[in-house]
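This report concerns only the one structure given below.
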Amino acid sequence: MRTIGSTQRVWANAAAQQCYALEECQAQFEEILEVVGEKKPQKMYEEGDTNMAIMSCGQCVGSI
């Protein structure tokens, strides 16, 4: 999500890959927001579908 100023580590799931593909195509902010924003993260945690939204990961996850 570097194109929108968010440089964080994220879990390599379907949503992250879709976001990356949109950035590669130079998509508009609104298109990227449809993938990463709104209520998707909340639904992901409630329903347990880890491919539904972007999931931030810290340095510990990267080290494992």
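Could you tell me whether any residue of region 53-63 is surrounded by 14 or more Cβ atoms within 10 Å (Cβ to Cβ) and at pLDDT 85 or above?
Within region 53-63 (the criterion being surrounded by 14 or more Cβ atoms within 10 Å (Cβ to Cβ) and at pLDDT 85 or above), the answer is yes, since at least one residue qualifies.
Taking region 27-50 on its own, how many of its residues are modelled with pLDDT of 85 or more, part of a loop (DSSP other than H, G, I, E, B) and closer than 18 Å to Gln8 by Cβ?
1
Of the residues that make up region 9-26, is at least one assigned to a helix (DSSP H, G or I), basic (Lys, Arg) and at pLDDT below 90?
Within region 9-26, none of the residues are assigned to a helix (DSSP H, G or I), basic (Lys, Arg) and at pLDDT below 90.
The values are calculated or read from the model by the stated rules, or taken from the named source; none is laboratory data. Treat the numbers as computed from the prediction; the structure is a model and nothing was measured. Reconstructed Cβ throughout: ideal geometry from the backbone, glycine too, with neighbour counts over all protein chains shown.
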